[in-house]
């Protein structure tokens with residue numbers, strides 16, 4: 001009887017261990033997928049001035065800009081302005097929050113299929129507290145009314161972007177779009 005109880009306990013322990021391993025593997029897969037779902041961002045800083053961009057700053061700009069686009073796309077897709085908090089501030093955040101409010105009112109929302117960004121650094125302030133970028137983005141844009149697609153286009157967009165440093169990341173402070181540029 002005692003041997004049977006020990007055997008049952010061992011099997012339960014093995015099942016729990018296997019379940020824990022599967023759970024950890026699933027979590028790691030979701031983390032890898034989340035990281036890989038960031039849009040591709042390339043930064044050209046050859047002609048920036050008056051200050052050169054340090055290598056670490058270059059890496060954080062591209063990472064934070066990719067995260068900004070990911071959070072913006074999700075905020076617009078789900079009509080959730082709170083998703084903008086991590087990577088947007090100032091005019092940019094206000095414009096996007098206003099767009100989300102309009103989407104909620106009309107029932108129409110925008111879905112972005114982000115195919116990548118080529119950034120040109122135009123200006124980096126001497127004190128390091130502001131950077132102006134030109135973004136050439138390739139986007140798939142869907143406009144949906146409820147769940148029905150009412151407009152779909154592939155677009156090459158150009159944005160003029162102002163980013164400023166926050167406590168632990170760079171934030172998009174303002175951006176202005178100019179449609180259709182040649183890639």
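Values in this text are rule-based calculations from the coordinates and carry no lab data. Remember, it's a predicted structure, so these values are computed and weren't measured experimentally. Every residue, glycine as well, gets a Cβ built from its backbone with ideal geometry; the counts of neighbours run over all protein chains shown.
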Inset, instruction - State whether the stretch 82-162 is rounded, prolate or oblate according to the following rule on the C-alpha gyration tensor (a ≥ b ≥ c being the square roots of its eigenvalues): a/c under 1.5 gives rounded; otherwise a/b larger than b/c gives prolate, and the remaining case gives oblate. - result: oblate
Inset, instruction - Report, as a whole number in µm² per second, the diffusion coefficient that Stokes-Einstein gives for the stretch 39-178 at 4 °C and 1.567 mPa s using the Kirkwood radius over alpha carbon pairs. - result: 84
Inset, instruction - Sort 89-99, 146-156 for me by packing, meaning the mean count of neighbouring Cβ atoms within 10 Å per residue, highest on top. - result: 89-99, 146-156
Legend entry - Cα gyration tensor shape for the stretch 97-138, rounded if a/c is under 1.5, else prolate or oblate: oblate
Inset, instruction - Pop a pseudo-label 7 angstrom from the Cα along the beta-carbon direction at both residue 157 and residue 95 and give the gap in nm to one decimal. - result: 1.0
Inset, instruction - Report the full-extension gain for the segment residue 148 to residue 134: residue separation times 0.36 nm, less the Cα-Cα distance, to one decimal in nm. - result: 1.8 nm
